[in-house]
Every structure is written in C-alpha cells, then in structure tokens.
Amino acid sequence: MQVFTTTDGVVRVDNHGATLLVGLKSLDDVLAAGKWDQLAHYPAGPSVDLDALTVRPPVLPAKIVLVGLNYRSHADEVGQPIPEAPIFFPISSDGVLASGEVIPPPPSAPNQVDYEGEIGVVISRPAYQVTAANAWSYVAGLTAVNDVSARDMQTAAAKQRDMAGVLAAKSFPGFKPLGPGILTTAHDHADVSLTTSVNGELRQQASIGDLLFDVPTLIEAISANIDLQPGDVICTGSPSGVGLASGRFLVPGDLIEITLGDLPPLRNVFGHL
C-alpha cells in the first residue's frame, strides 16, 4: 500500500486504485492521532488521478537523522573504512521539500551541490531505547529522500573536524526533498530497490538488502540516545554513484529522480527560484 499527502488530502493507493480518504488532511495528522494502523481500512472517498494532484511532503518531521557510510560501495568510492557501528547525526528538518519543487542553490556554496538518493524510514510512534527485534513495529513505512549536500563546504569542514559545518552543508533550505509518498509496512519491503538518475542517466542503484546496518539495527542504535517521534525520518545512507566521486556536481536545470520500490519517482529540479 502507498499513501500520499496532497493538497486535496490523503490519498491511498492499493489494489482498488487511488482514492481520497474521507476527512484526512495529512499523514502527519494520522500519525499524531495514533491511527496509522487504520489507514488500510479507512473509509475511501472518490477515486482520483494521483498524477493530476499536487503532492506535499508525505510528512513534516520534527527531526531527520542522517546515517553515514551505510553501503560498502559508497565507503569504497569515497575512500573511507567500513564503520564498525552505525554513524548517525540528527539535523534540522527545515530543508524538507516536496516532489516537484525546485532545489535552490545556496548563495554561499552553489558550485559543488551533490545528490544522494536514500531510503527514508518514517517513524510511526514514539521510539526510545527500542530493541532491534521490535524495531519494525515502530515504522510507518519507507520513503525516498534526496540528501542534498554542498560538498565544498562539507569537505572543508570535515578537514577542520568541524561537525557543525558538515551538518550545515546538508541543512540548506530545500536540501532534503522527501516523498512523494510512503510505502507502508504492510508492503513487502524485504528487497525494496532504490535508483537515482540525473537527466535520465542512471547514477545510483541499490536495494535495502545492501545496507551494511539494516533498519532494525539503525533504529536500535539511534533510539538508544535519541527520542524518535511520529513522523521523524531516518535517512539510511547513500549507495555509490554520488557526484563527489566523479566530480559531476549538479548544475541549474538538472532533474534528479529518485525511485523507491514501486512508488512514483521523487522528482526535483536543481536551479534558481
């Protein structure tokens, strides 16, 4: 099952097609009310053409947690050792952007902006000190994320061991496109695929099974110290193929498309507002 927040309300896509759900304005409202498990059986209104609707970010998280070096292929391409435990850090969610919106170049660091297609894990209920064995029961579903980064700023900060600068390079307005919808936990996510293309050229390809630290392991590690709340998003890391490795950074007009499983692509153009 897929669910979307649109300007018309919540849309559910299942074996019966795409329908508006009666009385629901956003998936954030569903999570806040603790009714996520009811989505599959929630009363449906009229059938809709999802392509004709304007999607919003599926959720507006209070916080986003970024995971680093979680694919062997990416660690290898950037010359970093394989971590012995998950590497993660929370950032502000101010950069969340909907599919179809423009990623604005940051005025202070516009020249080495990079894409990172990632699998996002959406939290369904308060999760603190959760065990890996129970972790999936705290997951609303999966969504596509573009962890956009200003690489020149990030690299300079990393050399100075300035973690605040590293995080700032990933926190500019519009630097976290999210969506367009969520694959719910009822979906078979055992081998969900992830691809990233730029202007139609495939740049990244992986699956959830390629993660060095799987979703339950990440949730256990992160929730040991961070109080995750409904709607928070964990970005599970990027596979190989990022622009940093090849020197192919984004230029205005580039179209980035990130596809997760059978969700419609997360599409955003990089350029000036």
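Throughout, read-outs are computed from the coordinates displayed, never taken from laboratory work. Since the structure is predicted, the reported quantities are computational estimates derived from the model, not experimental observations. Ideal geometry is used to build each Cβ from the backbone, glycine not excepted, and the neighbour counts take in all protein chains shown.
Ordered by the count of other Cβ atoms within 10 Å of each Cβ, fewest first, 89, 249 give 89, 249. A straight line joining the Cα centroids of segment 161-218 and segment 220-252 runs 6 Å. Beyond 25 Å, how much of the Cα-Cα pair distribution for the chain remains, as a whole percent? The answer is 41 percent, as a whole percent.
Look at where the Cα atoms of segment 110-136 and of segment 5-19 average out, and the two centres are 24 Å apart. Put simply, the amide H of residue 240, placed in the peptide plane, has neighbours under 5 Å in 73, 74, leaving out anything fewer than 5 places away on its chain.
Put in order of Cβ neighbour count within 10 Å, fewest first, the listed residues 163, 1, 153 become 163, 1, 153. Residues 192, 166, ranked from the fewest to the most other C-beta atoms within 10 Å, line up as 192, 166. Scalar couplings 3J(HN,Hα) for segment 160-168, obtained by applying the Karplus form with A = 6.51, B = -1.76, C = 1.60 to θ = phi - 60°, are 8, 6, 9, 5, 4, x, 4, 5, 4 Hz; x denotes Gly and Pro.
With contacts defined as alpha carbon pairs under 8 Å and 6 or more residues apart, what's the relative contact order of the chain in percent?
Values: 673 pairs, mean separation 71.5, N = 273.
Relative contact order for the chain comes out at 26 percent.
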